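*Asks:* Just passing along the structure, written as structure tokens.
Values in this text are rule-based calculations from the coordinates and carry no lab data. Please read these numbers as outputs of a predicted model, since none were measured by experiment. Using ideal geometry, Cβ is built from the backbone for each residue, glycine included, and neighbour counts are taken over all protein chains shown.
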């Protein structure tokens, strides 16, 4: 990236022409390979961060007690449709307890109505987020991806800004669903919508 | 060092009180303020460090709390913004937030600071580096540490507070010093002023001796009472001064008077023919008049140096000195005769007397004495005594020599009467009777004359004689006459007296004999009594006889004085003369108290030996 600055290679060219022309070819090849590797890496890194964020959202949100069937019921994070996290989410919630409830991951098939979920994640691969959201009852924190998720009735939406994972929040929606988002959560959100 | 301190203390001691007060106030103030400032500083340093720790700990807590969300959602920007608010704390050097993986997450560095946060979390929690203190706080999210906050702050605040405190103390000290200086001006009025007044007053009193000066009392405290005491003292001194002046005036007046008296006395003394001297109460002669110096040829000073001894005849010196010492010791009048040497070396007899002059309390002030030249008188006395002695000798030898022929007359007239009675005619017998009677009377007369001359004779040393015993002997010798007259003789207890036993017997014999002789028809009652008169015994012989007409009471003591010429009362008329001679020989006196028909009481005194004026036949003769 910065290292391919042509100005830095120009003195070497003056040493031997041949060496210079080979070098350019080799460098171009390496750079191309590197780009590919990094893209895959970034993809997995992004969802690791999002998994951590997802877990952290639960720590800045208050649920009404009534959302749990009983005291032993697990705290369920439901991933609807395609799961982009891979094993990252499972790893991150291992051993985590929220308000005395064990954390659990549910993967919901597309078209299935999520039930007994406290958190519902709808990935950007799901096109019909609005319909899924409409089916959900109160007491469910809805997390999605992309700028349009909040417009579709979501509460928190991951966005990428300057290659950093951030999120937008609509606390009103959450409030309507009986949830209370911490002001500290709002303070680190990219945008807070109403 | 200690010398300097002493010196400075000494200098302080000599300062005026107002200055002392000011210095005392300032020193006390400074010490008190310094001590409290030091106390506050020390306490504050300790407390404030703790406070700072707590404060920064709380701050760390808050910052950590506020950093959980940025850390949880990987938002260093927000975290940095949160940290930026720490600019309000100028003593916070840096705040560094590290992720759970120990990498630096966000930081705040004080604008003036050049150092940065370490990129990796350093070990150990709290440490002081270069005067700064670091505290470390874990950043927790639901009980799990998700990062670490490290706050670093400097301790300059403590130093700042110290400077602030110091400045405050200095300010207070300056302000209170100014107030103290101002106050001391007032205090000068309250404390130093009265003292200054006292000083002024005492100086004025000392300089002018004006004791009417008084100091005004300003306050009712110790200084006020000091002023009161001072004024009281002054009034006491004033009254004493007045008294002293009066006393001095009186004394001067008295001295003047005494001087006048002395001058008058000296004038008198100088004008007298006698030798006059005065002596102090110790007997030291302090004045002699001109007659003394003229007589002795010595000046007063020389005579004084020489003393009595050089002027007095050595035979008279001891007795005179003893008498003088006795008088000085007892205060009794001095009386002595002695020979004093005239300037030409001739000794002349003098009679010296001195009397003690006493004050109102009887204390002896001085002795005033005189010496009178009695030389001529003394010589005449001697002549007279010699003549008297001769006469007495003559009388004695005459009467003694007359006894023999008189006895012959008596003896032979009796022989004639016995043998030749029948031969004589009636005229012869009558004449013989006259002759016998005359011879007998002549014999009695001669006996009485002998007794009379003996009464003046000097006897040996006198012992104590018991008057009662002598009276008893006398009564025994008078037993016949007492029995004839049926007289009753009574006596009170009688003392021991220092007279010749024969002389006392003569006294009793004559007085009692007279009482028996001059009786009335009644049996005589005679009583003998003695009483101590202090300087002498007084004897009394009282009877109930015919008594004596008072006009004769002096005459009866003369020789051959007889009141009764008739035969009823026989006697030679020498008895009472003998009595008088005996009594006067001992310096006593004899007298009678009587009225006709009332009986008579004869009194005679016998002075105690100590009070006996040296009286001999000479004195009697000189009378």
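*Asks:* So how far apart, in nm, are the two label points at residue B:54 and residue B:267 if each is 7 Å from Cα heading toward Cβ?
*Replies:* For the pair residue B:54/residue B:267, the computed spacing is 11.4 nm.
*Asks:* Just rank B:272, B:193, fewest to most, by other beta-carbon atoms within 10 angstrom.
*Replies:* On the way: B:272 14, B:193 17.
Listing B:272, B:193 from fewest to most nearby Cβ atoms yields B:272, B:193.
*Asks:* How would you rank B:321, A:97, B:583, going from fewest to most other Cβ atoms within 10 Å of each one's own Cβ? Walk me through the intermediate numbers first.
*Replies:* On the way: B:321 16, A:97 13, B:583 24.
Starting with the residue having the fewest Cβ neighbours, the order is A:97, B:321, B:583.
*Asks:* Between the alpha-carbon centers of segment B:175-212 and segment A:96-165, tell me the distance in whole angstrom.
*Replies:* 98 Å
*Asks:* Just need log10 I(q)/I(0) for segment B:34-131 at q = 0.20, 0.23 Å⁻¹, Debye formula, equal scatterers on the alpha-carbon atoms, no solvent, rounded to two decimals.
*Replies:* Here the Debye-derived log intensity ratios amount to -1.08, -1.33.
*Asks:* A follow-up question, please. Once you average over the residues of A:183-189, how many Cβ atoms of partner chains fall within 10 Å of each Cβ? Please report the intermediate quantities before stating the final value.
*Replies:* Numbers: counts 1, 10, 4, 1, 8, 12, 4.
The per-residue average across the peptide is 6.
*Asks:* Right, something else. Roughly how tilted is helix B:156-187, in degrees to the nearest 10 and between 0 and 90, from the longest Cα axis of chain B?
*Replies:* The two axes meet at around 30 degrees.
*Asks:* Sticking with this structure for a sec: No solvent, one uniform scatterer per C-alpha: report log10 I(q)/I(0) for segment B:375-455 via the Debye equation at q = 0.18, 0.19, 0.26 1/Å, two decimals.
*Replies:* The Cα Debye sum returns log10 ratios of -0.78, -0.82, -1.10.
*Asks:* Another one. Please tell me the relative contact order of chain B in percent, rounded to the nearest whole number, where contacts are Cα pairs under 8 Å and at least six residues apart.
*Replies:* 7 percent
*Asks:* Moving on. Please work out the FRET efficiency for the pair residue B:252 and residue B:186, using the Cβ-Cβ distance as r and a Förster radius of 51 Å; give the result to the nearest 0.05.
*Replies:* According to the calculation, E is roughly 0.40.
*Asks:* Can you give the Rg to Rh ratio of segment B:317-389, both from alpha-carbon atoms, with Rh computed by the Kirkwood formula?
*Replies:* 1.11
*Asks:* At q = 0.14, 0.19, 0.20, 0.24 Å⁻¹, what log₁₀ I(q)/I(0) does a Debye calculation on the Cα points of segment B:453-560 give, no solvent, two decimals?
*Replies:* Result of the Debye calculation: -0.63, -1.11, -1.20, -1.41.
*Asks:* Follow-up. If you look at just the Cα atoms of segment B:242-324, how large are its Rg and its Dmax in Å?
*Replies:* Rg then Dmax for segment B:242-324, in Å: 17.3, 60.
*Asks:* So how compact is the protein assembly as shown: Cα radius of gyration and Dmax in angstrom?
*Replies:* 80.4, 248
*Asks:* Also, I was wondering about something else. P(r) for segment B:389-515: what percent of alpha-carbon pairs falls in each 5 Å bin, starting at zero?
*Replies:* The distribution over segment B:389-515 is 2, 9, 14, 13, 13, 14, 13, 10, 6, 3, 2, 1, given as percents.
*Asks:* Another question, if that's okay. Radius of gyration and Dmax for segment B:272-373's Cα atoms, expressed in Å?
*Replies:* 13.1, 45
*Asks:* Using Cβ contacts closer than 10 Å as the measure, can you line up B:350, B:313, B:375 from fewest to most?
*Replies:* Listed from fewest to most nearby Cβ atoms, that is B:313, B:375, B:350.
*Asks:* Please list, short to long, the whole-number percent of alpha-carbon pairs of chain B in consecutive 10 angstrom bins beginning at zero.
*Replies:* In whole percents, the pair-distance histogram is 3, 9, 10, 9, 8, 7, 6, 5, 5, 4, 4, 4, 5, 5, 4, 4, 3, 2, 1, 1, 0, 0.
*Asks:* Further, regarding this structure: Just tell me how shielded B:61-73 is by partners: mean number of partner chain Cβ atoms within 10 Å of each residue's Cβ, no decimals.
*Replies:* Counting other chains' Cβ atoms within 10 Å and averaging over B:61-73 gives 4.
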